Amino acid sequence: MSIYIIEEKCRGCRDCMKACPFEAIKMTEGKAKINYDKCTQCGVCELACKFEAILAEKE
Ligand code: SF4
Ligand code: SF4
């Protein structure tokens, strides 16, 4: 699985950042950014984003 943030859709609400159990999301210039060194691809942030700005692609 690969997790992506679609920057154009991100409204900077921080819900994904608060939901991430691994502190892998930080806000940069009002947009969420995933730190892939910390991300475990757990998928929690995708469920947390109500603007559908996070995409989980199953490979
Ligand atoms: S939950 Fe979605 S809209 Fe909110 S900051 Fe995260 S990616 Fe952006
Ligand atoms: S997939 Fe899981 S670990 Fe990765 S950024 Fe989202 S909530 Fe955090």
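The numbers here are math on the coordinates, done by the rules we state, and not lab data. Every value quoted in this text rests on a predicted model; they were computed, and no experiment measured them. Here the Cβ positions follow ideal geometry from the backbone for every residue, glycine too, while neighbour counts run over all protein chains shown.
Worth pointing out:
- Matching residues in the range 1-44 - criterion: being touching a residue at least 40 places away in the same chain (Cβ under 8 Å), closer than 21 Å to Lys58 by Cβ and near ligand 1 (Cβ under 9 Å from one of its atoms): Ile5, Ile6, Lys9
- The set of residues in the range 34-46 that are under 18 Å from Gly12 (Cβ atoms) and either in contact with a Phe, Trp or Tyr (Cβ under 6 Å, 6 or more places away or on another chain) or surrounded by fewer than 16 Cβ atoms within 10 Å (Cβ to Cβ) (or both) contains only Asn35.
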